[in-house]
Amino acid sequence: MYNPTLQPFIDSVSQSKKLSKSTQDKYFLHRLIANIDDIHVLFAGIYGHLPQAKYMFGQLIQVLFQAHLQRSQALKNRDEVKEKKGKWFLSNELTGMSLYVDRFAGNLEGLESKLPYLEDLGVNLLHLMPLFKSPEGESDGGYAVEDFRVIENKLGTIEDLRKLQAHLLEKDMYLMIDIVLNHTSHHHEWAKKAKEGSKEFQDYYYFYDDRSIPDQMEETMPEIFPESSPGSFTFQESVQKWVMTVFHQYQWDLNYSNPKVLIEMLDNLLFYGNLGVDIVRIDAPAFIWKQMGTSCQNLPEAHQLLQLIKLCTEVSTPGMAILGEAIVAPAQIMEYFGKDRYATHECDFAYNATHMALQWDALATGDTRIMLEAQHELAKKPLGSSWITYTRCHDDIGLGYDDYMIANVGFTPYLHRYYLKNYYGGIQEDSPASGALFAINPKTQDARISGSLASLCGLEKALKAKDSKWIDESIQKILLMEAHCLFLGGIPMLFYGDEAAYTNDYSYLQDPGKSYDNRWMHRPVIDWKKNKRVKKKGTEENKVYTSLKELISLRKKLKVVADLKNLEWLPCTNKSIVGYVRYIGSERVYFLFNFSSLEQTIPVHAIEPKKQNKNCLWSKKQVSLEKGSLSFQPYQFYILADS
């Protein structure tokens, strides 16, 4: 909404910044004028009660002007190309891979040399795990950031990142990186000054003179890592005060009730946008606002801050989309796409963590009914926003779907989760899966699951047993899981190593900086001799890689897979079979998956009342539906289109 009272302010800043009369400067001003009222409303809603609010709002707008002026011509040109595509990130032509640069290729320069490998697979979006400087031994995998503008030495330099981005741009590939808004390392410059006694920088964090407020807050704040980092506050000897440390003791939570923190962190985010980042992944956005008497997660002010940040990026770095890494219950995840006036103006993406976990549930039980119970919530995602879909990522697998979804199909929630933990956590001896439990809460016995895709699908044990039938079945499970994600909707995000069937890497146990965190078992160091086997016919690596390559290629050919709220779940009558149809106009493609270790059959009338034969786009064979039923081998899937 246009606010004429803010126009003189915009004119004044424009003159001071000496904007040119170029078309792109005019577009910037149009975007600013169109959004400044909402930006002001959101800012005032959080900070309007502060005496310095007017001055700090001016500082915020200065940051937006500066980010626009620092944006390269190449990026402004790409912004225009993306704008002409509409919501560019909804395309079926995007497939991502998430990776640690050092563990995948040594450094940024080495990663550049591996782009042909990724291109051959069909990957055209790279999610580079945390790149910025963090202390050895206290890095939390790079999420304890010491400097938001300095690349970790072992990975390279900012110039190396710019060079890589330019190379990606030439290849029409996309870049995604992380920003950690919730906290910094206690070695960050702000934290160092706070340790020295600076009240100004202690106000960048949450400092308390005694335990009275921390004790009250911990009554309602759940522990994130109860085994390795119990509690949410740490005593800082140098100033004899308590500081909030929700995740680990070396990660200090930032205080967003201080507008200086918001402006500094927004400036860092826009800096990333001007590095050419296409998608910025905001780590742990659910935690960025704290309030006494609450869980300090998913609070309304956190959403207001994200909406404010999104509008600011739309003004200054309009080609950059935002992913909110909010791993929360299905109903809560919808909040992160924005509501009402701000629908699709909060986060462009969220992780479909619910569906990821439900796939693992179905694989362990051979029962897809709980998966279907969640879809009414997941279908609420607004048009214009999207998912990151995945079988696993760098993190653990949490069983974060609601108890009522389990109860609705006749299971006891506690016992059902207990079964899943035993099945995947290395406890149930006859389970094919090789994994481990992570972050076991001694009070509640809640736990999450670690393990690579291949190991959790049984390949590790199958290879040890040298059982060829078991090996083939494990590979079929891997492909079932990946295919289900590739066509579901959103950007599918492979995790590095999965494309070459990597099993658990137990070398982390020899590293004191990692041995306490079993998530490193599914974060392998890539052995490029092993990866050469993806081209050697008959190897496990080749079978997985070539099949994934074919699936990705097929995805790029199917316009119906673009995320346009064009998915319907099918009413399959067999609890082991789940299916959905994707459509555009009269074109319809059916995707059907057997999560059972047994052969299964379904009647086809719900899928195709006319019983017309279909082409299976995956097996490249015609499928007869004339008999009225469709048969599945264990873990088989179909992709069916009209003949």
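Before moving on, here are some points about what is shown:
- Neighbourhood charge, 9 Å Cβ-Cβ cut-off, centred on LYS310 and excluding it, Lys, Arg +1 and Asp, Glu -1: -3
- Helical content of the chain, expressed as a calculated mean residue ellipticity at 222 nm, amounts to -11000 deg cm²/dmol (DSSP H runs of 4 or more residues, -39,500 (n - 2.57) each, divided by residue number, nearest 500).
- If you take all other residues with their beta carbon under 13 Å from the beta carbon of ALA379, and give Lys and Arg +1 and Asp and Glu -1, the sum is -1.
- Accessible surface of TYR414, taken over heavy atoms with a 1.4 Å probe and every protein chain present, rounds to 130 Å².
- Integer Hz, Karplus 6.51/-1.76/1.60 couplings in order for segment 595-603, x for Gly and Pro: 8, 9, 7, 10, 5, 9, 9, 10, x
- Contour excess over end-to-end distance, with Cα ends at VAL150 and LYS163 and 0.36 nm allotted per residue: 3.2 nm
- Surface composition of the chain: carbon and sulfur atoms hold 51% of the protein heavy-atom accessible area at a 1.4 Å probe.
- A probe of 1.4 angstrom, applied to the heavy atoms of all protein chains, finds VAL180 with accessible area near 10 square angstrom.
- Solvent-accessible area of GLU159, all protein chains in place: 110 Å² (probe radius 1.4 Å, heavy atoms, ligands and nucleic acids excluded).
- For the chain, the square roots a ≥ b ≥ c of the C-alpha gyration tensor eigenvalues yield an a/c of 1.5 or more together with a/b exceeding b/c, which makes the shape prolate.
- Counted charge near ASN258, where neighbours are those whose Cβ lies closer than 15 Å (Asp, Glu -1; Lys, Arg +1): -2
- Among the trypsin sites (Lys or Arg not before Pro) in segment 10-58, those placed in a DSSP loop whose Cβ has at most 12 other Cβ atoms within 10 Å are LYS18, LYS21.
- Once both labels are positioned 7 Å from their Cα atoms along Cα-to-Cβ, the gap between TYR583 and THR412 label points is 4.3 nm.
- The overall shape of segment 362-426, judged from the alpha-carbon gyration tensor, is oblate: a/c is not under 1.5, and a/b is no greater than b/c.
- Estimated FRET transfer efficiency when R0 is 22 angstrom, pair SER12-LEU50 (beta carbons, to 0.05): 0.50
- When both segment 6-74 and segment 359-421 are represented by their alpha-carbon centers, they are found 42 Å apart.
- A cut-off of 5 Å between modelled amide H atoms, ignoring neighbours fewer than 5 places along the same chain, links MET129 with LEU99, TYR100, VAL101.
- In sequence order, calculated HN-Hα J values of segment 507-519 (Karplus, 6.51, -1.76, 1.60; Hz; x Gly/Pro): 5, 4, 5, 8, 10, x, x, 10, 4, 7, 10, 6, 5
- The distance separating the Cα centre of segment 541-571 from that of segment 321-335 comes to 23 Å.
- Applying a threshold of 30 Å to the alpha-carbon distances of LYS537/LYS611; LYS469/LYS536; LYS461/LYS621 flags LYS537/LYS611; LYS461/LYS621 as lying beyond it.
- Across segment 23-106, Cα-Cα distances exceeding 21 Å account for 55% of all pairs.
- Overall shape: prolate for segment 437-478, with the ratio a/c of the largest to smallest alpha carbon gyration tensor axis at 1.5 or above and a/b above b/c.
- Cα centroid separation - segment 609-643 against segment 149-202, whole Å: 50
- Remark: the SER507-SER22 segment gains 169.0 nm on full extension, using 0.36 nm per residue and subtracting the alpha carbon distance.
- Two-site FRET efficiency, GLN622 against SER468, from Cβ-Cβ distance with R₀ of 30 Å, rounded to 0.05: 0.55
- Computed on protein heavy atoms with a 1.4 Å probe, the accessible areas place LEU551, LEU69 in the order LEU69, LEU551, largest first.
- Under a 5 Å amide H cut-off, with hydrogens placed 1.01 Å from N, VAL150 pairs with LYS133 among residues at least 5 apart or on other chains.
- Solvent-accessible ranking of ASP340, ASP472, largest area first, probe 1.4 Å: ASP340, ASP472
- Surface per residue (accessible, 1.4 Å probe) for segment 419-514, Å²: 37
The values are calculated or read from the model by the stated rules, or taken from the named source; none is laboratory data. The structure presented is a predicted model; accordingly, all values stated were derived computationally and were not measured. Glycine gets a Cβ as well: all are built from the backbone with ideal geometry, and neighbour counts include every protein chain shown. When the accessible area is computed, the model is the full protein with side chains, heavy atoms only, and any ligands, DNA or RNA have been set aside. Shrake-Rupley method; radii C 1.70, N 1.55, O 1.52, S 1.80 Å.
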